[in-house]
Every structure is written in structure tokens, then in C-alpha cells.
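Participant: This is the structure I have questions about; it appears just below.
All of the numbers you see were taken from the coordinates with simple rules; none came from a lab. Everything numeric here is computed off the predicted structure, so don't read it as measured data. With ideal geometry, Cβ positions are generated from the backbone for all residues, glycine too; neighbour counts draw on all protein chains shown.
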Amino acid sequence: MAPDPDIKKKLGLVHVYTGNGKGKTTACLGLAFRASGRGLNVLMIQFLKPAKGYGEHIAAERIPNLTIIPMGADHMCGRDVTREEDMALTKEGMRKAEEALTSGEYDLVILDEINNSMSFGLASPQDVIAMLERRAPNTEVVLSGRGVPQEIIDYADLVTEMRLIKHPFYRGIGARKGIEY
């Protein structure tokens, strides 16, 4: 399905989904699903997330105009990862993000967990903003993850904070396939 040209003309904002509550990536995926349904070309680059084990990767394979590129080492399974490895993967993720944002190929680019990358010192808010400034016209962007820097909040057009009130993790219930990943 080709997108309605009027839809594309109204794109170009920067969204931020942040906070300690669950649902940031899920919100990104909901937006990706909605955009792809309208024929928009969507790319999600996942910082700090490995290439296997996530349900969204399986689902994205079934949606022709939704691509997910994971750019992270597997921290969740207790694998020891060096800061150098995280920095190299983040640098490569930023390179791919820059390429995607400037290409004009994508209508919606989601940089999942990039806020975490900035809060861990793996990417700088200044570099992220400079990259966003170079994006192709009418490219909508979402930045997700905890610990969003104030500079990004100030730059963004929309900021939503997911607030943690209660979570089953604190009762010993770990992440579940199909729900958390």
C-alpha cells in the first residue's frame, strides 16, 4: 500500500518516550504498527538489545514496510560485556541511524533505547541532536528509553513519561516471552 502523500507532508516531529515505567518500546511498536498500516516505511534501530529473543523481531518479519535492526550485546542473559563493546555497538548504531535519517527512505525512524545509551555515556545528546538536525525533511523520529537528557527533552516536540507505580518484577516475576520481550 502506497502512503497518502498528505500524510507524509505532515511528518517531521521528534517524539520521546521515557520514564521508569514499562511500555516505552511497546509504545514505539504501536506507532510503528500504525504507521506501517498507513503504508509508511518504518525503521526501528534498537540500541543495547541483542539480535535474538525478542518477539517484535519475529513480528516485524511479517510486515513488509517495518524493519528492526538490533544493535546491542546480550546483557539480559548475564553475558559479560565490556564498555568498549557497548561503545562500538552504539557507534555503529549511530552510524546506521544517521544513514537512515538522512536517506529519505524512511518516514518513521525509531531509535529504541537511545536515551539509555546517552544516560550511560555511550552517545552524547549533542551528537544525537546534530544527527536529528540533518534528517531528511518529513522524517518522523522517536527516541525511547530511560534517563533522557534534558537537552533532548528541550529539543523534542512530544515527550511522554511512563511512570512506574507497580511491577510484578518486585514480586519475583521475571520478564515473560510475548509480554516483556
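Participant: Compute the signed sum of charges (Lys and Arg +1, Asp and Glu -1) over the other residues within less than 13 Å, Cβ to Cβ, of Lys177. Mind showing how you got there, number by number?
Facilitator: On the way: positive: Lys52, Arg176; negative: Glu56, Glu180.
Result for the local shell: 0.
Participant: Once Lys and Arg get +1 and Asp and Glu get -1 on their Cβ, which of Pro168, Thr25, Thr139 lies farthest toward the positive end of the dipole of segment 5-171?
Facilitator: Looking along the dipole axis, the top candidate is Pro168.
Participant: Between (i) -0.44, -0.73; (ii) -0.51, -0.76; (iii) -0.38, -0.65, which entry matches log10 I(q)/I(0) by the Debye sum over Cα atoms at q = 0.10, 0.13 Å⁻¹ as derived from the coordinates of this structure?
Facilitator: This structure yields the entry labelled (iii).
Participant: Here's another thing I want to ask about it. Sequence neighbours fewer than 8 away in the same chain don't count; with that in mind, list the lysines whose C-alpha is under 30 Å from Lys96.
Facilitator: Cα-Cα hits under 30 Å: Lys8, Lys9, Lys10, Lys22, Lys24, Lys49, Lys52, Lys177.
Participant: Based on Cβ point charges of +1 for Lys and Arg and -1 for Asp and Glu, what charge dipole magnitude is obtained for segment 5-171 about its Cα centre, in debye rounded to the nearest 20? Before the final figure, lay out each step's value.
Facilitator: Values: 21 positive and 22 negative charges, 133 e Å.
Roughly 640 debye for segment 5-171.
Participant: Using a Cα-Cα cut-off of under 13 Å, which aspartates and glutamates could be cross-linked to Lys91, ignoring same-chain neighbours fewer than 8 residues away?
Facilitator: Glu99, Asp127
Participant: How many nm is it between the label spots at Glu98 and Thr160, if each spot is 7 Å from the Cα in line with the beta carbon?
Facilitator: A separation of 3.0 nm, rounded to one decimal place.
Participant: Then there is this: For the chain, what does the helix formula give at 222 nm: sum of -39500 (n - 2.57) over DSSP H segments with n ≥ 4, over the residue count, nearest 500 deg cm²/dmol?
Facilitator: Details: 7 runs with 67 residues, N = 181.
Result for the chain, helices only: -10500 deg cm²/dmol.
Participant: So, R0 is 25 Å and r is the distance between the beta-carbons of Ile179 and Ser119; what FRET efficiency does that work out to, to 0.05? If you can, show how the numbers build up before the last one.
Facilitator: Values: r = 25 Å, r/R0 = 0.99.
Efficiency computed from Cβ-Cβ geometry: 0.50.
Participant: Further question on the same structure: Which whole-number percent gives the relative contact order of segment 5-171, counting Cα pairs below 8 Å spaced six or more residues apart?
Facilitator: On the way: 305 pairs, mean separation 62.3, N = 167.
RCO, segment 5-171: 37 percent.
Participant: Using 0.36 nm per residue, how much length does the chain from Arg38 to Ile153 gain when fully extended, once their Cα-Cα distance is taken away? Walk me through the intermediate numbers first.
Facilitator: Values: separation 115, 0.36 × 115 = 41.40 nm, distance 2.79 nm.
That pair, Arg38 and Ile153, stretches by 38.6 nm at full extension.
Participant: Okay, next question. If you place +1 on the Cβ of every Lys and Arg, -1 on the Cβ of every Asp and Glu, and leave all else neutral, what size is the dipole of segment 1-68 about its Cα centre, to the nearest 20 Debye?
Facilitator: Numbers: 10 positive and 4 negative charges, 28 e Å.
So the magnitude is around 140 debye.
Participant: I'd like the orientation of helix 83-103 relative to the chain: the angle between its Cα long axis and the longest Cα principal axis, in ° from 0 to 90, rounded to 10.
Facilitator: Between the helix axis and the principal axis of the chain, the angle is about 20 degrees.
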